[in-house]
Amino acid sequence: LSLFFGARSLNRHLKAVTMVREPLGRVVSAWHYRCHNPNWDCFHIDGSVQWAERKRLHDDWYVRPPNASDSLPWVSFGQFLGMEHYQNVQTRMLGSDRFPYSPTRVEALDVRRALSRIDAHFAV
């Protein structure tokens, strides 16, 4: 374990395991996950379509991915990448005390706080 945790003390009473994902893989995964996709939103994000609306539109909603031919609004992957609500989610989670899908910009202070919290609480 000392090789895994490097020079950090193993006496730090770790209470949880948190995996922080590589950002590109995380955003692609979020696009494919229904609740983090603006076409299958579960968090009531502005500009997104609630999953319940999709459910009312189609009987086979649970096996049918949303697409541009639906009568409801549809967001492409490229548009998704430009939606501020879905950007820097991990930084918001670690560096801010607010909902990670908030429409607020991630500032330098948020990044510094996230790095400080990682250094203080994570065994990386």
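Tabulated results
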read-out	value
Where a residue in the range 20-42 is in a loop (DSSP other than H, G, I, E, B) and its partner, wherever it lies, is open to solvent by less than 80 Å² (accessible area, probe 1.4 Å) and hydrophobic (A, V, I, L, M, F, W, C), with Cβ under 6 Å and at least six apart	37/31; 38/75; 38/80; 39/49; 39/75; 42/35
Unique match (being surrounded by 14 or more Cβ atoms within 10 Å (Cβ to Cβ), within 22 Å of residue 36 (Cβ to Cβ) and modelled with pLDDT under 70) among 66, 100	66
Identity of the residue in the range 69-84, touching a Gly at 6+ places or on another chain (Cβ under 9 Å) and at pLDDT below 85, that ends up least open to solvent (accessible area, probe 1.4 Å)	75
Subset of the range 73-106 (residues that are of a type in the set (Asp, Glu) and within 20 Å of residue 46 (Cβ to Cβ))	84
Neighbours by Cβ (under 7 Å, 6+ apart or cross-chain): first from the range 71-97, more than 13 Å from residue 31 (Cα to Cα); second surrounded by fewer than 18 Cβ atoms within 10 Å (Cβ to Cβ) and among the hydroxyl-bearing types (Ser, Thr, Tyr)	92/102
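The values are calculated or read from the model by the stated rules, or taken from the named source; none is laboratory data. What you see is a predicted model; the values in this text were computed from it and never measured. Note: ideal-geometry Cβ built from the backbone for every residue, glycine included; neighbour counts use all protein chains shown. Side chains are part of the model used for accessible areas, which takes the heavy atoms of the whole protein and leaves out ligands, DNA and RNA. Shrake-Rupley method; radii C 1.70, N 1.55, O 1.52, S 1.80 Å.
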